[in-house]
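In what follows, a single structure is set out as structure tokens and then discussed.
Bear in mind these aren't lab numbers, they're just calculated from the coordinates by the rules spelled out. On a predicted model such as this, the values are computed, not experimentally measured, just so you know. No Cβ is skipped: glycine too gets one built from the backbone with ideal geometry, and neighbour counts run over all protein chains shown.
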Amino acid sequence: MMSSREDQLTANLAAVRERVAKACAAAGRSVDEVTVIAVTKTFPASDVRLLAGLGVTDVAENRDQEASAKAAECRDLPLRWHFVGQLQTNKVRSVASYSDVVHSVDRERLVTALSRAAAQADRSLHCLVQVALDDAEGRGGVRPGGVPALADAIASAPGLTLGGVMAVAPLGGDPAAAFGRLAEVAAALRAAHPGATMISAGMSGDLEEAVACGATHVRVGTALLGGRRAIVR
């Protein structure tokens with residue numbers, strides 16, 4: 001018999017998948033083109049385990065301290081771990097030890113540190129260029145004009161693979177317009193690096209707009225897991 005939490009996650013996941021399916025249909029895209037990444041920050045490893053049992057394969061965290069503990073606790077599961085938070089260079093070695101994809105690469109110093117850490121851990125990391133779609137301070141990201149040079153740095157760094165781009169819609173702005181700009185940046189990037197096909201965009205509140213603009217990965221937390229809890233220590 002399913003637990004009430006499992007029931008809740010089952011219903012939430014079905015609702016999110018239905019939203020993605022409708023958005024794909026509206027955009028003339030196949031639902032297979034969009035991966036739902038479960039953002040499990042502040043939720044326990046038991047939720048990760050339940051989601052994995054429901055067929056979720058991609059899980060994201062934004063704080064290394066929480067992510068490293070959860071990844072260790074769930075190492076027996078066939079999961080792809082995504083790091084989506086702003087990343088300080090002093091956390092890179094830890095993040096490189098468990099993450100498969102780092103979404104928040106926004107400066108060359110980080111590229112150098114990630115490359116070194118990947119080599120030390122004997123791992124290969126997929127890296128996305130985080131694109132800043134507005135001038136807000138403290139949210140990370142490189143301006144669109146800086147994307148080509150940063151992408152080239154990732155592509156040529158040992159142990160790193162350039163996966164594509166990531167962005168967060170500006171607060172209070174029109175997400176469709178923002179993700180449209182991201183789609184243009186992504187297209188220019190693919191012209192130079194054809195393998196960099198990932199577009200990580202869209203969250204619980206704006207995944208439809210992201211899918212309409214070509215997102216390949218949507219990062220869903222609240223719609224899947226519910227309101228945020230206190231930070232798990």
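Residue-wise test of (1) touching a helix residue (DSSP H, G or I) at 6+ places or on another chain (Cβ under 8 Å); (2) crowded, with 19+ Cβ neighbours inside 10 Å.
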position: Leu150; (1), (2): yes, yes
position: Leu160; (1), (2): yes, yes
position: Gly163; (1), (2): no, yes
position: Ala169; (1), (2): yes, yes
position: Ala176; (1), (2): yes, no
position: Leu182; (1), (2): no, yes
position: Leu189; (1), (2): yes, yes
position: Cys213; (1), (2): yes, yes
position: Leu225; (1), (2): yes, yes
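Considered as a group, the residues in segment 68-98 that are assigned to a helix (DSSP H, G or I) and of a type in the set (S, T, N, Q) include one that is surrounded by the fewest Cβ atoms within 10 Å (Cβ to Cβ), and that residue is Asn90. Among the residues making up segment 41-67, those that are buried (at least 19 other Cβ atoms within 10 Å of the Cβ), in contact with a helix residue (DSSP H, G or I) (Cβ under 9 Å, 6 or more places away or on another chain) and assigned to a helix (DSSP H, G or I) are Asp47, Val48, Leu50, Leu51, Asp64, Ala67. Listed by first and then second residue, the pairs with beta-carbon distance under 8 Å, at least 6 apart or on different chains, first residue in segment 13-27 and farther than 23 Å from Arg49 by Cα, second surrounded by fewer than 13 Cβ atoms within 10 Å (Cβ to Cβ), are Cys24/Ser30.
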